1. Per 5 Å bin from zero, what fraction in whole % of the C-alpha pairs of the range A:576-620 is there, up to the bin with the longest pair?
2. Give, to the nearest whole percent, the P(r) tail of the range A:134-196 beyond 18 angstrom, counting all Cα pairs.
3. In debye, nearest 20, what is the charge dipole magnitude of chain B about its Cα centre with +1 on Lys and Arg Cβ and -1 on Asp and Glu Cβ, if you could check?
4. Defining the label point at 7 Å along Cα→Cβ, can you sort the distances from B:Leu99 to the same site in each other copy, shortest first, in nm?
5. What is the mean number of Cβ atoms from other protein chains located within 10 Å of the Cβ atom of each residue in peptide A:145-154, rounded to a whole number?
6. What is the range A:334-401 by shape, rounded, prolate or oblate, if you read a ≥ b ≥ c off the alpha carbon gyration tensor as root eigenvalues and call it rounded for a/c under 1.5, prolate for a/b larger than b/c, and oblate otherwise?
7. Could you give the length gained by full extension between B:Val357 and B:Glu614, i.e. 0.36 nm per residue of separation minus their alpha carbon distance, to one decimal place?
8. With the contact rule set at Cα under 8 Å and sequence spacing of 6 or more, what percent relative contact order holds for chain B?
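The values are calculated or read from the model by the stated rules, or taken from the named source; none is laboratory data. A quick note: this is a predicted structure, and the numbers were derived from the prediction, not measured. Quick reminder, even Gly has a Cβ in these numbers, built from the backbone with ideal geometry, and neighbours come from all protein chains shown. All accessible areas refer to the heavy atoms of the entire protein, side chains included, with ligands and DNA or RNA removed. Shrake-Rupley method; radii C 1.70, N 1.55, O 1.52, S 1.80 Å.
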There are 2 protein chains.
Amino acid sequence: MTADNALIPTLHNIATRLRIESIRSTTAAGSGHPSTCCSAADIVATLFFAEMRFDPKRPQDPDNDRFVLSKGHAAPLLFAAWAEAGAFDRSELLKLRQLGSDLEGHPTPRLPFVDVATGSLGQGLCAAVGIALNARRIGSAHRTYVLLGDGESAEGSVWEAADVARHYELTSLCAIIDVNALGQSQATALGHDMDAYARRWIAFGWQAIVVDGHDIGALLDAFERARQTTDRPTMILAKTIKGRGVSFVEGLNGWHGRPLKKEEEAKAIAELQAQFLAEGGGPDVAAPAIPPPPHTGARVSGGRGEMAPPAYALGDSVATREAYGTALVKLGEVDPRVVVLDADVKNSTFSDRFEKVFQGRFYQNFIAEQVMVGSAMGLASRGAIAFPSTFACFLTRAYDFIRMAAISRLNVKLAGSHAGVSIGEDGPSQMALEDLAMMRAQPNMAVLYPCDAVSAERLVAAAAAWEGPAYIRTSRPKTPVIYGPGELFPVGGCKVLRQSAQDVATVVGAGVTVFEALKAYDELMKAGVAIRVIDLYSIQPIDEATLRAAAVNTGGRVVSVEDHYAGGGIGEAVAAATTGVATVRILAVRDIPRSGKPEELLDRFGISARHIVETVRQSL
Amino acid sequence: MTADNALIPTLHNIATRLRIESIRSTTAAGSGHPSTCCSAADIVATLFFAEMRFDPKRPQDPDNDRFVLSKGHAAPLLFAAWAEAGAFDRSELLKLRQLGSDLEGHPTPRLPFVDVATGSLGQGLCAAVGIALNARRIGSAHRTYVLLGDGESAEGSVWEAADVARHYELTSLCAIIDVNALGQSQATALGHDMDAYARRWIAFGWQAIVVDGHDIGALLDAFERARQTTDRPTMILAKTIKGRGVSFVEGLNGWHGRPLKKEEEAKAIAELQAQFLAEGGGPDVAAPAIPPPPHTGARVSGGRGEMAPPAYALGDSVATREAYGTALVKLGEVDPRVVVLDADVKNSTFSDRFEKVFQGRFYQNFIAEQVMVGSAMGLASRGAIAFPSTFACFLTRAYDFIRMAAISRLNVKLAGSHAGVSIGEDGPSQMALEDLAMMRAQPNMAVLYPCDAVSAERLVAAAAAWEGPAYIRTSRPKTPVIYGPGELFPVGGCKVLRQSAQDVATVVGAGVTVFEALKAYDELMKAGVAIRVIDLYSIQPIDEATLRAAAVNTGGRVVSVEDHYAGGGIGEAVAAATTGVATVRILAVRDIPRSGKPEELLDRFGISARHIVETVRQSL
């Protein structure tokens, strides 16, 4: 027992008020999850008003302790706690879930005290790992707290995060699971078997502390133990009752995403009012002052210097994935915010070049793409510019995280190598053929696709400078350098590589297919047929003006060619951009591919120079 | 020690031959992963020739023990083992990775003895869970074996599978991890810390057996123990050496995805030749006869009866997600192959209706979407028609599995509810706005999107009948029934809901936006402006002929409207389908949405009737 125990009645009263506010706001909204707020109220009250050190008026202070609500459906509780801390007026809480309010159904970074959007379960611990790693990067002593639901610990991403947190010995990371034993639709798999939970976390190398999650003294002690532990992260397993404090909700199934009706609300609040303790200040309890964080001088290091131009000569043969690795190093030299994350393919993506120079800004996640992207989200939320890279096909593993990174508008710069059938012999499981579709779907994502080393290097820098998420697609085969070192590649542009007044069609390629288009150009020129060739290095945003002008100037005949499936790919982007002024013939991979040599596969799946030539001829 | 120990020298020799074949085939291919084949050769030889019961000439026999190679990059070892078992001629092995051979870089079900494609790590155990569940479904006593790499156990999906296997007490499931301590780019996180591995599996409720993975006697004993264990699945943790048997490769980093050069190959094979044991038959060892499986009479139950027509009346108000649940029950009644999987949202997707009637064909995966889809893949690979359903946004969590299900051409029928901003107050984390893009990208995926209860029921049946993967997108709000019970909805079709010779534009909607289009029709008709309205219930395949005809008949003016992001969505599909004959104006969600009422959000994000009316007017 610590001296803080004098605070217990006060904290109990605050927790009671948080329950009341959560019930009020969800009933007012007509939707939401009050029962899960009630189970976690004691945990959150204790954390906010007796454990964490932060300035509620300056939620972005780099030395503030951080809190991530992984169980995002308890948003009303989070909002009530921040209101209680003085971040905004409590009356705002009743605007929960309204279009005009930033107090949304689940937390988003529209609110200054939310780092990453949550609500897709299993992501918060991954983000918290990144936030804790970031504290090291910026030299801050802040701690990182994250509250999970019990049901969400079935998500594999939670165990990926557990492993990485152990590997990096993130002692400043303290997670709490609100073990209320009820999921959305039924009891959780483990129910209240606290030993089973503890065994798992201990086996994954964490300190596990089991407590009664409604015993504030026990919670205070657990937080204290976590703070004193210097060799591993801590998981506090808090046994709780869903709906705690409201007799007709407590421990019952069927109350997950269900607000109380007006009459139920009145009954519940009457019950809760009766639970205020006089010795803690009663219903008018004032929240204890929150201690400000110690200022270590830590600041998010900022600023970007000028990168030297690419050092490639025309005709050099370099894979864009290799140019990516070289560019990361140059970028890292001029911008201390740049960090790189890997999932055990650094020797294929060439991100190992960055590791060799900037070991402290390189994070190995082993074969675990979800925590790689989730941790990048956490790092980016605290000022880093994070480049998670792997084979492009394996970014599909983290699509839910990518989606949430877009919602959070974070500086996560994804890089996917080995795109398309041009990887050859490894076969379809290793070929990304849907990555452009999945990245383009996110409306604020820059989607960049270099064809040579110069454009690769320029686009890495462009991705870093882009506000928000970006994607860089690189290729496995070596390709010739076709751009001079001074060539610039603004996001949203394209390059017209061949043009004349006699062009009868426009061929739009990107990445490896640029070279097929150039071969087709040469072939057609032999027969006196001139075509316009465009390198669409920026798939999103797309250079609609240049594409439309080219279409108009070439008789409305447009051929697109991509090492990607047709659905959601380059051809459809071009068709949408040139609608009304072009007939777009889309050359794309239209069947499940197979192993073979790269050049064989380009031809077999309809995206080689031969197919371009044929399609142009048919269009005439 | 068991009687089988007399077999040990024979098995050793077979393992040696498998190593030789793996090295030969990868050197001939000029790419591949021989070192990882060498670490697992003793395990595979023991499994195939002393443990498993199967008919190598009838690899699809429902009573065969099943083997999943989760570490798919060891494909040459798998192929060598099947050749050794007599499934095909050994000379085929030297065609590895060639375009004309089905022996691809990673296993795919093009081969009759491969159930699910592997090569994206962390998926095999999920599939094996489904295969083991399927054995129960069809009443077969077969066992299911799955070989994982150690690096891949960092994938969270492995722990999702671990949890579900424990929950369902899958005693017929025996997994093996080839703990060779080396990943692709560096040592694994846990190296050879066998205790750490064992702790984790025990904590997740499995039997864990640590063995020397090159000690065939120990492997035989471990398999025997696994077979005798009747209360939990077994994980055999086999400590191995990567490159085992080849002195200059053994235990060294840098040999992951690297075939031996010709001169290295000769040296390696000479070393391996010297390892044959005379008492096991020397280099000419004959593989022991593989015992056939006991025939329990189990057969994949087949056939589909006729479903009664939908029992809805015009004007009924029913959410398509609810109609999905009702349809599942009707489908389950006429087709015993139908199974349903959930990730703790069955009361929102209405799949709980199926559970209530067919408890033995309903699988709860708790909040773990990857194993839900992965297990569905396993079930489907063995004859089930599997419907995994959750909120559409959370299918992004399983996109890598969906990609691999498409590669495997499996009967996985994904269903995603709560699509789009029309869910309202829960906010962006719960709104699927990229699901159509990610599903459309898979070229063999049927993408279906009902707008009312009748079409929902019909499309559930159509999805079941479709050969291969399918996706059904359902909505949260109730919508009126607009189709009669006799209306049919073939995959690849659409419905023209309003048309006249005076139509000045075509409006294409789907799902909730069909009703916005119908409102726009009424509004425009008041002003004497006629439009054609199309319900594009089949997004893929798409009814190009009807769309093009409508475009031509309405002056080339097409407006598409979708509750989805623009990239890869319905508008782009329509633009591609009508290229050259239409100017398509795409109404889609173009920014990150937020919480609000459904109708407010449809309007705020540009996809309400008002926007359709304005866009039609502007197009004139």
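1. Taking every Cα pair in the range A:576-620, the percentages come to 5, 19, 24, 19, 16, 10, 5, 1.
2. Values: 891 of 1953 pairs.
Summing the P(r) tail past 18 Å for the range A:134-196 gives 46 percent.
3. The calculated dipole for chain B is roughly 900 debye.
4. Taking the point 7 Å beyond Cα along Cα→Cβ, the inter-copy spacings are 5.6 nm.
5. Taking all residues of A:145-154 together, the mean is 3.
6. Because a/c hits 1.5 or more and a/b fails to exceed b/c, the range A:334-401 counts as oblate.
7. That works out to 87.7 nm of additional length.
8. Taking the mean separation of contacting Cα pairs over the length of chain B, I get 12 percent.
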